[in-house]
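Structure first, then comments.
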Amino acid sequence: MGLQDYAYIFIRHWRSLLLGLLAGLLVGVGASIWLGYLPRYAATATIAVGGDVATVDQNTSYINLADEFASTYADLATRAPVLDAVIAELGLDTSPASLKNAISTSIVQDTHLIEITVSHSDPRLAADIANGIARQLATLPTLRVRNFVVPVEAAAVPTQLDPTWLLLTLIVGALGVLLVGGVIFLREFMRDAVYSGASLEREAGMPVLVEIHTPKQGWRRATPGQPWRTQEVGAWWALAQHCRRQLEANGVSANGVPHTIAVAAPDENDASAVVAANLAAGWAERGERVVLLNTDARSHLNEWFGIEADAEETHQLRLHPTSVPNLHTAVWDDTTSLDEVLHALREHADVVILASPSLLHSPVSVETVRHAHGALLAVTSGTSRLSATIEARDVLDLLDIDCWGAVVARA
């Protein structure tokens with residue numbers, strides 16, 4: 001698959017990916033609450049290790065000693081003797097082990113400064129605990145140096161939540177998207193689907209004549225009174241001209257019947273009906289008389305054009321006018337010979353567009369395309385399988401029907 005195919009899959013399944021993100025965010029918030037990260041405030045107190053160097057005659061050995069002891073005091077900040085003293089001083093109802101989980105220390109790079117950070121659901125208590133630890137470290141028995149540990153900056157009462165919960169939530173949300181996305185892409189990869197005209201040309205070597213959007217897609221609303229009409233009107237005119245040139249280039253002789261073009265799909269979907277209806281309309285708008293002959297009883301063509309079957313006239317071919325000049329529709333069932341129908345239409349049409357059912361799932365489709373002078377394959381991106389599309393083209397080759405190319409409909 002190419003980059004365009006991945007982009008199409010992403011756009012096609014954006015709702016599922018969004019749900020995965022929302023689910024991940026909800027799980028992240030729940031985990032933050034369960035782990036105690038939300039609501040939680042962080043307060044930081046800073047101490048300096050090294051003492052009052054003025055009292056030691058600028059002896060560099062004490063400075064080196066401070067470097068060595070900085071990590072020791074950072075570790076002492078979470079030890080039981082210090083925490084017991086803080087608990088007793090503040091009257092906390094907790095144990096040193098529980099309090100230790102809320103404390104983190106770090107040495108500021110290239111300094112003797114130690115930052116003591118305390119996270120707690122009560123912002124004032126977080127600041128009191130951080131300052132209490134700093135005081136306890138400053139009063140510990142140390143070397144023969146006055147004020148070896150000096151509080152530098154007292155912890156202020158925090159007003160904003162500790163961002164740890166947000167980081168955890170975002171990580172879990174991203175994991176949710178990755179999980180859902182992985183399932184989607186794995187499923188799409190195993191489905192062997194056609195995603196775009198470029199992928200069909202690349203994988204099957206089949207020319208793609210037009211890429212269109214079906215009328216059902218999002219903001220591309222159907223034309224009032226013409227629910228089958230797509231927005232690519234100019235593309236259909238161009239496709240009709242292309243088909244006419246193919247007929248002329250191949251020297252196709254009508255032999256007493258109108259020029260007949262079959263539109264078939266490799267699978268069961270509405271793509272062939274949409275393509276057939278729009279191609280017929282585009283051809284009729286060029287000034288030729290066109291009959292859209294529906295051979296698929298399960299398609300929506302009859303509904304789209306307002307054709308109601310009459311029980312007494314089921315076996316009689318009737319032409320139904322449409323809102324498009326020069327375009328009529330008709331319904332064919334297999335009780336009447338298609339040869340007879342096409343000969344009967346020679347006085348009413350220059351071109352007949354056959355809307356065929358699935359080429360691989362209906363014997364009627366084989367009978368339909370057998371009478372065509374050329375054929376188009378209607379492929380639905382994301383639904384039609386690549387292997388089925390190639391097989392449908394091979395069926396047309398076996399029937400000695402010239403397949404002019406494919407029309408890819410984005411559903």
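The values are calculated or read from the model by the stated rules, or taken from the named source; none is laboratory data. Remember, it's a predicted structure, so these values are computed and weren't measured experimentally. With ideal geometry, Cβ positions are generated from the backbone for all residues, glycine too; neighbour counts draw on all protein chains shown.
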Within the stretch 377-391, residues buried (at least 23 other Cβ atoms within 10 Å of the Cβ) and among the hydrophobic types (A, V, I, L, M, F, W, C) come out as LEU377, ALA378, VAL379
Is there any pair linking a residue in the stretch 346-366 that is in the same structural domain as ALA264 (by TED's automatic domain parsing) and within 17 Å of ASN294 (Cβ to Cβ) to one that is of a type in the set (Val, Ile, Thr) and part of a loop (DSSP other than H, G, I, E, B), with Cβ under 7 Å and at least six apart or on different chains, and which?
LEU354/THR295; ALA355/THR295; SER356/THR295; PRO357/THR295; VAL364/THR295
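Is it fair to say LEU125 is closer than 30 Å to GLY28 by Cα and not hydroxyl-bearing (Ser, Thr, Tyr)? Walk me through how you get there before you give the answer.
Values: closer than 30 Å to GLY28 by Cα: yes; not hydroxyl-bearing (Ser, Thr, Tyr): yes.
Taking the combined requirement at face value, the residue satisfies it.
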Among the residues listed as ASN294, ASN269, ASN278, ASN250, the single one being touching a Phe, Trp or Tyr at 6+ places or on another chain (Cβ under 6 Å), under 26 Å from ILE390 (Cα atoms) and not hydroxyl-bearing (Ser, Thr, Tyr)
ASN278
Give the number of residues within the stretch 328-350 that are over 26 Å from ASP267 (Cβ atoms) and part of a strand (DSSP E or B).
1
Give the residue that is nearest to VAL379 (Cα to Cα), with candidates limited to residues of the stretch 147-197 that are surrounded by 13 or more Cβ atoms within 10 Å (Cβ to Cβ) and among the aromatic types (Phe, Trp, Tyr).
TYR195
Select from the stretch 186-203 the residues that are assigned to a helix (DSSP H, G or I) and not aliphatic (A, V, I, L, M) and list them in ascending order.
ARG187, GLU188, PHE189, ARG191, GLY197, SER199, GLU201, ARG202, GLU203
Residues being at pLDDT 85 or above and more than 18 Å from VAL291 (Cα to Cα) - total across the stretch 249-266:
2
Would you say LEU360 is assigned to a loop (DSSP other than H, G, I, E, B) and not acidic (Asp, Glu)?
yes
For the stretch 363-391, which residues satisfy the criterion of being of a type outside the set (S, T, N, Q), in a strand (DSSP E or B) and closer than 16 Å to ASP267 by Cα?
ALA375, LEU376, LEU377, ALA378, VAL379, ARG385
In the same structural domain as ARG79 (by TED's automatic domain parsing) and free of Cβ contacts under 8 Å to residues at least 12 places away in the same chain: is that true of THR139 in this structure?
yes
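What do you reckon, is VAL291 buried (at least 16 other Cβ atoms within 10 Å of the Cβ) and more than 37 Å from the chain's Cα centre (by Cα)? Working first, answer last.
On the way: buried (at least 16 other Cβ atoms within 10 Å of the Cβ): yes; more than 37 Å from the chain's Cα centre (by Cα): yes.
When the stated conditions are applied, VAL291 passes them.
Is it the case that ASP394 is surrounded by fewer than 20 Cβ atoms within 10 Å (Cβ to Cβ), of a type in the set (Asp, Glu) and either assigned to a loop (DSSP other than H, G, I, E, B) or not assigned by TED's automatic domain parsing to the domain that holds ILE261 (or both)? Break it down into steps so the answer makes sense when it comes.
Details: surrounded by fewer than 20 Cβ atoms within 10 Å (Cβ to Cβ): yes; of a type in the set (Asp, Glu): yes; either assigned to a loop (DSSP other than H, G, I, E, B) or not assigned by TED's automatic domain parsing to the domain that holds ILE261 (or both): no.
No; evaluated as a whole, the condition is false for this residue.
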Residue satisfying all of: in the stretch 94-149; farther than 30 Å from SER32 by Cα and of a type in the set (Lys, Arg); modelled with the highest pLDDT among these
ARG135
